[in-house]
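Enquirer: Before I ask anything, here is the structure I am working with.
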Amino acid sequence: MSPPLEPPASDEVAPFWDATRRGELVLPWCRACERPFWYPRATCPRCLGDTVEWRQARGDGAVYAVSVQHKPGPGRDAADGPYAVALIDLDEGVRVMGNVLGCAPEDVHVGMPVRAIWHALSDGRQLLQFAPRE
């Protein structure tokens, strides 16, 4: 088995990764237009405001799109079997990507309510994943 691949850390995304160590989801918010955005960057993609702050998010959302992967991706073992990669529309108004766990990959569907869960990484950070919401 190949060693698991982990996302790189950078200064721009440090507040996100620091929050994951506590099991919290935070999103960058533009203070100029008062809206969240994803992916993290120094300026708001809508108004180009450069006053960005990180605010806590609930982590609830719904599947926007899903693809079931049958070949192992980087850092995955073939014995793990198929897995679902999904775009998730969070209730806060941003779209993020993650795996949906806790159910058969073929059961993940558009509109499915999900909640954030965490997968521990080797350095204490946690990777954002999702599970069906009850």
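Please treat every number below as a calculation from the coordinates, not as lab data. As the structure is a computational prediction, the values presented were derived from the model and not from experiment. Cβ: placed from backbone, ideal geometry, glycine included. Neighbour counts: every protein chain shown.
Enquirer: With respect to ARG21, is the statement that it is among the basic types (Lys, Arg), within 19 Å of the chain's Cα centre (by Cα) and more than 18 Å from ARG95 (Cα to Cα) true?
Expert: Yes.
Enquirer: Would you please name the residue that is surrounded by the most Cβ atoms within 10 Å (Cβ to Cβ), looking only at residues in region 117-134 that are over 12 Å from VAL63 (Cα atoms) and small (Gly, Ala, Ser)?
Expert: If we take residues in region 117-134 being over 12 Å from VAL63 (Cα atoms) and small (Gly, Ala, Ser), then ALA120 is surrounded by the most Cβ atoms within 10 Å (Cβ to Cβ).
Enquirer: Here's something else I'd like to know. I'd like the full set of residues that are surrounded by fewer than 12 Cβ atoms within 10 Å (Cβ to Cβ) and acidic (Asp, Glu), limited to region 51-89.
Expert: GLU53, ASP77, ASP80
Enquirer: Report, by residue number, each residue of region 41-69 that is part of a loop (DSSP other than H, G, I, E, B) and closer than 14 Å to GLU92 by Cβ.
Expert: Of everything in region 41-69, those that are part of a loop (DSSP other than H, G, I, E, B) and closer than 14 Å to GLU92 by Cβ turn out to be ARG58, GLY59.
Enquirer: Now, a different point. Out of all the residues in region 79-132, which are touching a residue at least 60 places away in the same chain (Cβ under 8 Å), in a loop (DSSP other than H, G, I, E, B) and within 20 Å of PRO36 (Cβ to Cβ)?
Expert: GLU92, VAL94
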